[in-house]
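**Q** Take this structure, written in C-alpha cells, and hold onto it; I'll ask about it next.
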Amino acid sequence: MLFNELFSRYLEQNESKLNKDLLKELETRANQNAKLLSEEIIKANVLSEEECYINLANFLGIPYRTCQLTELNLDLINKFNREKLIEFECVPFKEDANKIEFLTSNPFRLEEINELKFSVAKSYNYALIIPSQMHNILSYIDNKIQQSQVLDNYVENKTDITEQDADNVTIDAPVIKLCDSLLKEAVSRAASDIHIEPFNEKVRIRYRIDGKLNTMDEVPISMYPAILARFKIMADLNIAERRVPQDGKINLEIDNVKYDFRVSTLPTLYGEKLVIRIYNISYSSENLNALGFSQEEEKLIRDMITRPHGIILLTGPTGSGKSTTLYAFLRNLNKEDTNIITVEDPVENEIAGINQVQVNPKANLTFANALRSILRQDPNIIMIGEIRDEETADIATRAAITGHLVLSSIHTNDAAGVVTRLINMKIPRYLVADSLLAAISQRLVRKLCPKCKKEHITTEAEMKMLNLSEPTTIYEASGCPYCNNTGYFGRTAVFEIMVVDEKVRDIIMNPGFTSEMLNEYIADHMVNLLSNAKKRVLRGETSIEEYEQLEEVIEVKEKVRSDE
C-alpha cells in the first residue's frame, strides 16, 4: 500500500521511537492485514494513539486537535445529518462567516465529508483527532440529540399528580431513553454523582464533576414520576414506597466499560430526590503514583504494605478517595502465593483472585462476624471496608499482631486522630502502639487545567500563607473550553502519612497522650496535608485557592476539636 510506504519513510526520519527494521515489520504486517500502518503501530503499543496521530497529522499537513465535550457547539452540529456524521467519522467543530472546521479521525474520507456542503454552503477545513476521542464525541452527540428529542416531543401533563396516580405511572420508551441518556452523559463527562432534584415546577439535574456540582439540565415536573419510577425499577427499589429513604444499585455496561450506579432516594417537599453515585468497576491501577503519591511517598507506602503483619488505616471524609487507595494497595499485593480476603459494605470493585465478602446485616453478617470467620480462613491479608465499631476495631488490631496484614479505613480529621479514635473505641494503648504500622489521611484537590493555567507571582499575602521568604512563580486558574471555563481539570489526592516508628510509639504510650502531641511530632518530622498541598501549588499542579480551602477546612476542624 503506497500510503503505508510513504508514512513509514516519514516516521523513519521524524520519530525517534521507531527504527527502520521495526517500521518495515509493522508495514509488512499492515499490508498483509489490509490495514493502515497507523493502526498496526497503535496495536503494537510502539506509539500511543495521540503520538501516532500527531505524526499522521504532520505527515498529511493538517492540524491535530484535542476536543473536550464542553467545547462542542450543538447548534452547529444540529445543522448536519447526524447519521452522516457518524458514518463519515467527523464532527463540525468551529464556524465563522466563511468556513467550518471539521474534526475527523479518518483523513481518507475528506471527499465524503465535502458532501455535507449541501447542508451548509461554506468552505470546509479539517483537523485530525484520535479515534477514541471521536468515538466519545459521536456517542455524546447521539445521546444529547436523543435527550432533546425526548424533551421536545414530551407532552407536558398540566394536572397535578396524586399519590394514586404515581402508583400507576406509565414508563414509556422516551422516558427509558432519557434515563439511559442521563447515565451515559454523566459517564462521558467523568461525573462522580448525578443529583436529580424535584422542585415546584421543574426538576433540576446536576452532575458533580471534579468535586463541584454543575447544573446540566431541567425537565418538566410532570415527567418526574416516570423518571423516578424508571430509576427505582432499574435499582430494584420499591416504586410504591415514597415516605422513607431507599438505597439500591444499577449494573450497566457503557461503551464496553462496566459501571455500578449506587442509587439513593430521599423524600423532600416536592417529591423524592435521587442521587446516583458512579463507580467504574472496570478501572484498575497498580500505579500508586497515579493516585497522587510522590516517589518518596510511594517508596514509603510499598515498604508498609509489604510488611507481614500490622494494620494500615486510611482516613478522610466521604468521597476523598480512600476506597480507591485501598483497592490500589490490594492490586499491588495480589499475588498467587497470597491469600487476600476483604469484607466490605458494599463491594465497590471486583478484583480477580481476591475473595471479597459483602456485609449483610439482615443475615447478621456484620463486619465483626465476618472477620471472625475470615481469621479461620488462613488469610495473609485482610481488607476491612471501614472500622465502625469497637468490636470490629478490637478484632482488626488483634489480627494485626497475630501475623496478618490488615488494611482498612476509619473516619477521623487527620492521621494523628486515628490513634485517639482507636483508644476511644477501648483498644488498649499498648495494642494500638504494637499493631499500627501507619495512618494515612487524604483529601482531594482540583488540578489546574493544563491548557489554560497562567503563571502568577505570589503576593505578600500568598507568601505569608505559603511561608515563603521571597516572591515565587506559581500558577492560577484561568478557564477555557477544555475545562468548561472552570480553570480546573480532574482531581488529585494530597496525603499525610504518619509512620508509626519508635518515637510515635513512645508518644502513644505516654500516660498524658493527646493527638496534639502526635500532630506536633508529625509537623516536625513528616509531611502533613498542608505541606503536601503546598508542594502541589509550587509545582503548578493546583492553585493557591485550593490550598486555602484545604487550610480553612483543617483549621475549622481543629477549632471544633479544641472546643470539645
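**Q** For Lys202 and His411 in one chain, what is 0.36 nm times their gap in residues minus the Cα-Cα distance, to one decimal in nm?
**A** Additional length available on full extension: 71.6 nm.
**Q** Give me the percent of DSSP beta bridges within the chain that run antiparallel, rounded to the nearest 5.
**A** 65 percent
**Q** Can you give the FRET efficiency for Asn14 and Val257, using 1/(1 + (r/R0)^6), R0 = 30 Å, r = Cβ-Cβ distance, to the nearest 0.05?
**A** 0.30
**Q** Given the whole protein assembly as supplied and a 1.4 Å probe, what does the accessible area of Ile62 come to in Å², nearest 10?
**A** The accessible area of Ile62 comes to roughly 40 Å².
**Q** Note the count of lysine pairs whose C-alpha atoms are less than 22 angstrom apart in the stretch 34-143, limited to pairs 8 or more residues apart or on different chains.
**A** Number of lysine pairs found: 13.
**Q** Bin by bin, in steps of 10 Å, what percent of the Cα pairs in the chain do you find, going until the bin that has the longest distance?
**A** Percent of Cα pairs in each bin: 3, 14, 20, 23, 21, 13, 5, 1, 0.
**Q** Name the cysteines of the chain that stand alone by the Cβ rule: no other cysteine Cβ under 4.7 angstrom.
**A** Unpaired cysteines in the chain: Cys52, Cys67, Cys90, Cys179.
**Q** Considering every Cα-Cα pair within the stretch 315-362, what fraction, in whole percent, is farther apart than 16 Å?
**A** The proportion of pairs with Cα distances above 16 Å equals 43 percent.
**Q** Lys144: which aspartates and glutamates have alpha carbons under 13 Å from its alpha carbon, excluding same-chain residues fewer than 8 sequence positions away?
**A** The reachable aspartates and glutamates, counting only those whose Cα sits under 13 Å from Lys144, are Asp75, Asp152, Asp180, Glu185, Asp217.
**Q** Leaving out ligands, DNA and RNA, what percent of the accessible area of the chain is carbon and sulfur, probe 1.4 Å?
**A** Taking all protein chains in place, the chain shows 47 percent carbon and sulfur surface.
**Q** Here's another thing I want to ask about it. Starting at 0 and stepping by 10 Å, how many percent of the alpha carbon pairs of the stretch 417-521 end up in each bin?
**A** P(r) over the stretch 417-521, rounded to whole percents: 13, 27, 21, 20, 17, 2.
**Q** Using 30 Å as the Cα-Cα cut-off, could you pick out the over-long pairs in Lys503/Lys535; Lys184/Lys362; Lys322/Lys453; Lys273/Lys362; Lys20/Lys451?
**A** Result: Lys184/Lys362; Lys20/Lys451 exceed 30 Å.
**Q** Remind me, what semi-axes does the stretch 192-330 give for its equivalent ellipsoid, largest first in whole Å, using sqrt of 5 times each Cα gyration tensor eigenvalue?
**A** 37, 15, 14
The values are calculated or read from the model by the stated rules, or taken from the named source; none is laboratory data. Keep in mind that this is a model prediction, so the values were computed, not measured. Here Cβ is always computed from backbone atoms with ideal geometry, including for glycine, and neighbour counts include all displayed protein chains. Please note that ligands, DNA and RNA were not included when accessible areas were found on the heavy atoms of the full protein model with its side chains. Shrake-Rupley method; radii C 1.70, N 1.55, O 1.52, S 1.80 Å.
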